[in-house]
Structure formats: structure tokens, C-alpha cells
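**Q** If you scroll down you'll find the structure; I have some questions about it.
What follows draws every value from the coordinates through simple rules; no lab data is involved. Worth saying up front: this structure is predicted, and the values here are computed from it rather than measured. Don't worry about glycine lacking a Cβ; one is built from the backbone with ideal geometry, like all the others, and counts go over all protein chains shown.
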Amino acid sequence: TGESHQQNDNAAANWEVRMSRSRKIAYYYNRVTKESTWEIPQGIDPTKIKGYGEQRDGNPQESGAGQIRASHLLVKHIESRRPSSWKEVRITRTKEQALALILAYRERIEKGETTLAELAITESDCSSSKRGGDLGFFGRGQMQPSFEEAAFKLEVDQLSEPVWSDSGVHLILRTQ
Ligand SMILES: O=C(O)CN(Cc1ccccc1)C(=O)c1nc(-c2ccccc2)[nH]c1C(=O)O
């Protein structure tokens, strides 16, 4: 409901992203409770956390030549090259079932009911799930061809149609 959404936004306002000097990776700090955690706090939409996706000095990370940044939500199926994930040790859903899930997620994101980052945390079969699906910057030649082709066609903030790779079926959001 909108109300719970509102609480979520308030709770997100108490958090900020900080850069760990020792491990050179982002962590999440709650100004009110003074707690810090490596993983995106439960139930918080990471895109509403101050500093999410920026570099330490607050400027969006500059990409190398020809690189883009994207997040994705991966739903694996029984024919995936590795039909296993943090979520499910043995994935048995069919390709049709995986596509139906991806289309339902896409509908909810397009309606503004949720965000890809928020859904990726609980629903993505990729290890990037805990980072809201963030894959960081990548250039051509780093991802599977079908994934790369779809990602590089996107404008910033554009959400892909379902994309098939050997890993499963993806929704891709270009973020930078
Ligand atoms: O395909 C395979 O044999 C196993 N993989 C590849 C993989 C496994 C771990 C980390 C990154 C990639 C995956 O199934 C996979 N692919 C991805 C992936 C695919 C396209 C873009 C980004 C990630 N994530 C995963 C994952 O388990 O977490």
C-alpha cells in the first residue's frame, strides 16, 4: 500500500551509503541507529538511499570509454547453464514459467509499484541480488553476447524487454 511505501521511504531516509576505506566497497550506515551493514538493509529500496550508485566524492562514477552501468534481475529455469542460485539450490521451473515471472515483474516496475533494485534483492537468481542487481560498469566483450547486445541498446534509465542468455531470462535496467 502507499502507506507502507511511505514508511519504506522514511526508513530509507535514515540510511546512507558510505565507502569503506579498508575494503574499498560501499556499506550502509543508519544515522539514527548508528548501525552499519555490508548488505542493503531488509525491505529498503536501495534507489532511495542517499548516495546509492555514487562514488565516494558524491559524483556519479565516471565510466571508462564506451562503458555503461546496469542492474539486472535474473530468473533461472531448468535449462539454465547453472540451474542453482542463493535462492534455490535446484531450480526446476520451466522457461515458460520463468518468462511469466519476468513479465509480471516488468509490469510491476513499469506501473511504478516497485523498482528493479528492490525486486532483485528478493527475486533475482544472480549473486548480484544483494546489491539490488547492480553489475557496475562494463564494456563490450565482458557479458554474454545476448545480454551485452540488449544492455548496450538501452538509454540510461530504460528497462529492457525480457532478455534470454545461457544463465536464464533477465530484466536489464541501464543506470549510467
Ligand atoms: O552461467 C553459468 O554457468 C553460471 N553463471 C555464470 C556466473 C556465475 C556466477 C557469477 C557470475 C556469472 C550464472 O548462472 C550466472 N550468470 C549471471 C549473470 C548473467 C548475465 C549478466 C550478469 C550475471 N549470474 C549468475 C549467477 O549464478 O549468479
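**Q** Pairwise over distinct Cα atoms, reciprocal of the mean inverse distance: report the Kirkwood radius of the chain in Å, one decimal place.
**A** Across the chain, the inverse of the average 1/r is 17.0 Å.
**Q** So if R0 is 30 Å, what FRET efficiency would THR37 and PHE152 give, r being the distance between their Cβ atoms, rounded to the nearest 0.05?
**A** 0.35
**Q** Filter the chain for me: DSSP H helices, axial length by Cα at least 24 angstrom, mean Kyte-Doolittle hydropathy not below 0.5. List them by residue number.
**A** Once both thresholds are applied, nothing remains.
**Q** Moving on to the next point. Starting from 0.36 nm per residue, how many nanometres of slack lie between SER127 and GLU161 once their C-alpha separation is accounted for?
**A** The span from SER127 to GLU161 would gain 10.1 nm if fully extended.
**Q** Here's something else I'd like to know. Starting from the exponent 0.38 and prefactor 2.2 Å, build the expected Rg for the range 98-176 from its residue count and divide its actual Cα Rg by it.
**A** The range 98-176 yields a ratio of 1.02.
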